[in-house]
Structures are given as structure tokens and as C-alpha cells.
Amino acid sequence: MKDRYQGIDFFRIIAAAMVVGIHTFPFSSISPKLDELITLTVFRVAVPFFFMTTGYFLMGKLSFQQSYLNRKRVQSFLIKILKLYVIAILLFLPLSFYTGTISTRTSLVKGVSAFFFEGTFYHLWYFPAVIIGVLLVTYLLRVMSFSGVMMISFLLYLIGLGGDSWYGWLKGIEFVSLFYTNLFKVFPLTRNGLFFTPLYLCLGIYLYRKGKTKNIKEIPFFLVISLMLTLIESYLLHTYTEIKHDSMYFFLPFVMLFLYQLLLRWQPKIKWKTKEELPLLIYVIHPLVIVVIHTISSRILFLKISLIYYLLVLCGSWLLSVFYLHLKGKKKEISPVPFRAEKKILKEDVSHNVSEIKKIIPRKTKIIGVVKANGYGCDLVGFSQLLLKEGIDFLAVATIDEAIKLRKAGIASDILILGYTDPKRIEEIAFYDLIQSVISEEHGRLLNIRKMAIRCHLQLDTGMHRLGMQPELGAVVGMYQLPYLKIEGIYSHLGSADLLDEFSVNRTKRQIESYQAVLKGLKDLGIDYGVTHIQSSYGILNYPELNFDYVRAGIILYGFLSDSIQEPKQKIELKPVLEVKAKLISKRYVKANEYVGYGTNYQLKKETLIGVVSIGYADGLPRSLSNQGLVLMCQDKRMTQIGNICMDMLLVDLSQAEDVPLNSEVMILSSDNIEQIVTDEGTLTNELLSRLGERLTTDIKN
Ligand SMILES: *Cc1c(COP(=O)(O)O)cnc(C)c1O
């Protein structure tokens, strides 16, 4: 939204200024008629504009798919507005009492109606109107087609219109008058969430669903025509009838429809860098400023000029809002909590690795970011967000719970579950809009039997013999015929891509050939098999000539090779994204011949300064590193690990780092030692990283 819809952003400020105008009558000292036509007619586009923005950006997607994320966005929007509404009610409570909009004698019915429809102060009606409108449209979208919702909203708008600007004209008809007299007992005005908001929300949704319009040329013409019609309508109603209220006009929705399309396209030269909340804040605050300016205007003569009065209110509200946002922004800079043991993710290195990978894969091939096992120990959600920023919009995890965690954190990308999911959990696969791997023929059939459509990728066992169905054409075709499996891709996994000896290369080649044979068979049968992928990190590095739709990058995204046994064919400059740090929490001199820590395998030869560092094997540092001469760095000084590593701490010899102060940060794992450690331990970087404990805090800001 930030860059692409500058016109909308710009107009949000203009609309806020219009709303302030509606409450201050800027032209009254020139000509009241001018206020009728401009302030009470043209400026009436402001509030519908905000409703349409909510419709377009918040509910457009929801109207296509009632998925978990789309619903959650609406939910959090409603909660945010409700909170603001409550705060605004309290803020204006003294004024509400002062002006008599509420008093101790307000009846319960009136109170409830004020809360849900009118607002407890004149401008606050906007909040319940948005809330009720959004709730109503969300509900309708769930039970009927969009055109049905549109129709109902339009009918509601007509009813509202009859009780708004058209009332003076219609009330001569007896049964109409009777109808509205009763209606007004519950809703003093029809300009509310029931009659007014739904249509504009729907217009926003409508434009979202319609997508980009091609014939833009006629739109300004239609906008002018509909604006003229609205002005004529307003002029006639204001001149010849007694108007009840003037928020709603018959031709206003048409004006909005054309205006909004222009705004979506408009890219004003001036970039207005403001916080998103600013217009709403100006809206909430401006009546307070009106009270102040109004009070002093009786003393200062030139304030009686309506235009100056208006501009003062506008600037005052603006300044107050900006000041408030400034204060709020400041408060957020809380000082960081001191950590015990922490992993730091180096953002620029993630970015670097992604671009390095892009350099060596074919131009049209895209990256699936593998973030299983808590993002290889680097923080599932945080790391995924970094990948999304790098333009990687397809993630893969091992389990459904990892996938759900991503969704709950608001991540909207495609998510492929690489591992097995029990068919009993099919509802969650559908609800969270996940893509499940079909890991065997039986798995596919059991999923299908549940009669719930889900997205999936077919996994083939081309020779690794872990997961996947047999690469046998007939069986694979059978899967594509299952009605409830929406198969969007077909993939396989290589068992020996990391090694370049003859046996490994032959095994890999057979796997690739088997995969390609199935693809060819499907193509010959005219089956649209979806997207393809077979390479993980070493597949990318050792078989760069392959050309499929995606590659599944895991360990190299994190800046590591799995081990240093064999140099891959394709050189690539990787930067490790992870550092693990802890603190020096205690220092003590220990006499010669004493043992340190658990057990007796480390005895001091001479009196030594010993340090305690706040990290242990429960944090993922292998206990087998105990007493192996592991060197840790602190302020460029070396400290050697001694004794057995404990669950939560380890001990170091401070002989070469005597004056390092307490609480200093000690580097435990970094690009300097990780590869050495995994070589010594005979394991993979993958294992070391993925075992980093839950107890480590994560610093991912930098
Ligand atoms: C883990 C995994 C990957 C990523 O592997 P790396 O070697 O870390 O790149 C890719 N595909 C599948 C099926 C996996 O299980």
C-alpha cells in the first residue's frame, strides 16, 4: 500500500481536512449557500472514501476467500477500532455531558443506541458505523454471493436515504412517514453502520474484485456528471425541502465509484510521508480544537472569518495529532532487556545469501525458503519475515504445527509442508490454507477420502527411499484424478547431491532421470502437473544446470555449507547469518590442584582465574565439546573452555583475559568456529544450528 497507492494516501489527508470543514462551515461568512453546496455536499465524499478504503484494502481479499488470515486481519482491525472508540468516548465524556448528548437521565435504550449507532459525541458515530458495517458485510459475505451482499447494501442505503436528505420530501407520504417515525425511535439518524456504511464497503470490495480498469479515459467524464447530479440533488433538496440530515445523496455512491478509481491510479508528485493513523487522529481530536478556538473567537475579531476559523481548527488538530504520534513513537524505544544467552541474526547476510543463490540458479527459477526446525535454529517467524522481505514468497516447513505457527504470526506466503501430516488434521490444512506434500499413494487416498479440498504437492520417491510415492506413471496419474486433491506441484528429493564421487553422481543422475520421465509421461497425457522442484542446497550447488520452477534452499540461505568434506562444483560466497553470544557472569580465583565443575577430569596445575559463562548444553552447545580446547572470544581476548559443559553454564580459563569485566559479551558460535566445530564433532552445520535451544533469545533487529 505504501508506494503503490500514493493517490489514496494523499487523499486520506484531504478527506480528513474535509471532515473538519463539515464541522466548522468554512464558507459561512462568504455565503451560506456555498457551505450547502461545497461543505455539505462535495465534502461528503470524505467519510464514504474512508469506508471504501476499508472495503478495498481490508475486505477485498476476504470476499474471495474466507481464509484464516483474511478473517484475522478483519478481526484485528475491528479490535483496533473498538479500542480507539472506547478511548475517544472517555476523552469526550466531559464534553458529552457539558453539551447534553448524554446526561444522568439518559435512558438505557438511548444509551445503547448512542453506543451502537450514533456515537456518544457528534463525530464519534464514525466508529460504531465502521464496526457494525464491517460485521454486517462480513456476515453477509459468508452466507451469500457478493452480488447478493451488494444488493442488500444498496437497499439498506435507500432506506437510509429516505430517512436522511430525502426525508423532508418523502414524509408527506403517510405510510412512509409512519415507517420512519418508528425507525427514528431506535435510530435518530439513518446515517449509521446499518444503512450507510455497507454500500460503501461493498463499493470498495467491488473495485478490489474488479482489478485494474483499462478504460480510464471516460472516468473523469462520469465523475463530473455524477458530481453535477449530486449538486443538483443537494440544491433542490436544500432549497425546496426541509432537510433532516445531509450525509446521504442518491448520486453520491456514483461519485465515489468514479472518484475512487481515479484515486487508485493517481500518483501525485508530492510524497506525503505521514503515519497511517494521522487522518483518524485528526478526526478524533478536531472537536476539542473547535471548542478551544470557539472559546477564544469571541474575543478575537478576525476569528469570526469562517475560513480563518476553519484553517486554525485544521492546523491545530493537525499539530496536536503529529505531536501525539511523535510522543507515542518515542515511548516505543524501550531499552533492550539484558540477555543471558542470545542468538543474533545478521539481516544483511540473509540478503547477501539470497542474492548469491539467485546468481547461480536459472533466471526463471524461484526459491522456496526452507525454514523447518525453527528456521534451522535461527527463529522460524523472524527468519521467514526476513525471507519475505527479500522477495521469497514460498516457504517450506517439516510439520503442520510449524506451518500454523507461521500463519498465526500473520505470514501470508505459500507454505509447503514437506513431511507427513495425519489425514485427521485435514481441516487445519484447509483452514490455514497450507500446501500438503502427498508422501505416498496411500496418504493421498486417505486425504482424498475425507472429502475436503486441499492444496498439495505430490512427492515422488525417485531413489532416496524416504518419502514419496513410486514414480510409476499410472499410479501418479491416479493421484491427479482424485477429486479433492488440488495438486499444484510435483517434486522429489535427492539422496546424494552433496557428494561428487562416481556412486553418488550416478545415484543422483538416476533420480533426476526418473523424475523427468514421470514429468514427460504426464505432459504427453496432457496433464497439467503444476510446478516442479528437486534441488535442495547441494542440488543447487552441484547440479546448477538443472532448470525447474523452484529450488528448495535450506542451509545455504543461512550462510553455511553442511560440512567441509567436499567442495561443491559451483562456488558461492556465503555469509553465516547467525552468531550466538552469552555473558561472563562470574570470576573467581581457584587454587592449584582443585578440580573444576562436575567430575574430576579437569584439575588445575596452578592457581587460575576461572570464569563462568551463561550458556550450556541445554542451549544447544554439544556437551561433547567439553574439555576439547574450545576457544571463546571476548573483547579480542581468548578464553579456553575447561571442565564439563553444564546444562546452563560452562567454565573458562581466564588466564589470557584476566581484566575482562563481568557482564561482558562472550562470542560462543560464529562464522569463525562453527565449521570447525562440526568437523571436529563429525556432524553437519544443519544439526548444530537446528539444535539451538528454545531458551536462547533472538536479536533479529539490527
Ligand atoms: C530439509 C529439506 C530441504 C532443505 O535442505 P538443505 O540441504 O538444507 O538445503 C529441501 N527439501 C527437503 C525435502 C528437505 O527435507
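The values are calculated or read from the model by the stated rules, or taken from the named source; none is laboratory data. Since we're looking at a predicted model, the values are computed, not measured. Here the Cβ positions follow ideal geometry from the backbone for every residue, glycine too, while neighbour counts run over all protein chains shown.
With the structure loaded, tell me whether Lys571 is among the charged types (D, E, K, R), more than 14 Å from the ligand (Cβ to nearest atom) and either touching a residue at least 60 places away in the same chain (Cβ under 8 Å) or not in a loop (DSSP other than H, G, I, E, B) (or both) or whether it fails that test.
no
Condition first: away from the ligand (no atom under 16 Å from the Cβ), β-branched (Val, Ile, Thr) and not in a helix (DSSP H, G or I). Now tell me which residues in the stretch 345-387 satisfy that.
Correct list: Ile345 only.
Whether any residue in the stretch 218-232 is closer than 23 Å to Trp266 by Cβ and not in a helix (DSSP H, G or I) is what I want to check.
yes
Please give the number of the condition Val86 fails out of (1) touching a residue at least 12 places away in the same chain (Cβ under 8 Å); (2) closer than 23 Å to His123 by Cα.
In the conditions (1) touching a residue at least 12 places away in the same chain (Cβ under 8 Å); (2) closer than 23 Å to His123 by Cα, Val86 misses (1) alone.
Which of (1) closer than 25 Å to Glu681 by Cα; (2) more than 16 Å from the ligand (Cβ to nearest atom); (3) at pLDDT 95 or above is the odd one out, the single condition Asn601 does not satisfy?
Asn601 satisfies every listed condition except (3).
In the stretch 452-511, which residue that is surrounded by fewer than 19 Cβ atoms within 10 Å (Cβ to Cβ) and closer than 20 Å to Phe394 by Cα is nearest to the ligand (Cβ to nearest atom)?
Once the filter is applied, the top-ranked residue is Glu488.
Consider only pairs whose beta carbons are under 7 Å apart and that are at least six residues apart or on different chains; among these, list those whose first residue lies in the stretch 633-654 and is at positive phi and whose second residue is hydrophobic (A, V, I, L, M, F, W, C) and buried (at least 16 other Cβ atoms within 10 Å of the Cβ).
The qualifying pairs are Gln635/Val660; Gly643/Val596; Gly643/Leu651.
Limited to the stretch 16-37, what total is found for residues that are in contact with a helix residue (DSSP H, G or I) (Cβ under 8 Å, 6 or more places away or on another chain), assigned to a helix (DSSP H, G or I) and either in the same structural domain as Asp164 (by TED's automatic domain parsing) or over 18 Å from Lys244 (Cα atoms) (or both)?
Residues in the stretch 16-37 being in contact with a helix residue (DSSP H, G or I) (Cβ under 8 Å, 6 or more places away or on another chain), assigned to a helix (DSSP H, G or I) and either in the same structural domain as Asp164 (by TED's automatic domain parsing) or over 18 Å from Lys244 (Cα atoms) (or both): 6 in total.
Under the condition of being near the ligand (Cβ under 9 Å from one of its atoms) and among the small types (Gly, Ala, Ser), which residue from the stretch 523-554 is farthest from Ile415 (Cα to Cα)?
Looking at the filtered set, the residue picked out is Gly539.
With respect to Ile305, is the statement that it is within 16 Å of the ligand (Cβ to nearest atom) and over 30 Å from Met649 (Cα atoms) true? Let's see the steps before the verdict.
Details: within 16 Å of the ligand (Cβ to nearest atom): no; over 30 Å from Met649 (Cα atoms): yes.
For Ile305, the condition - within 16 Å of the ligand (Cβ to nearest atom) and over 30 Å from Met649 (Cα atoms) - is not met.
Report every pair of residues separated by at least 6 positions or lying on different chains whose Cβ atoms are under 8 Å apart, first residue within the stretch 667-695 and farther than 14 Å from Ser564 by Cα, second among the hydroxyl-bearing types (Ser, Thr, Tyr).
Leu689/Tyr376; Leu689/Tyr558; Ser690/Tyr376
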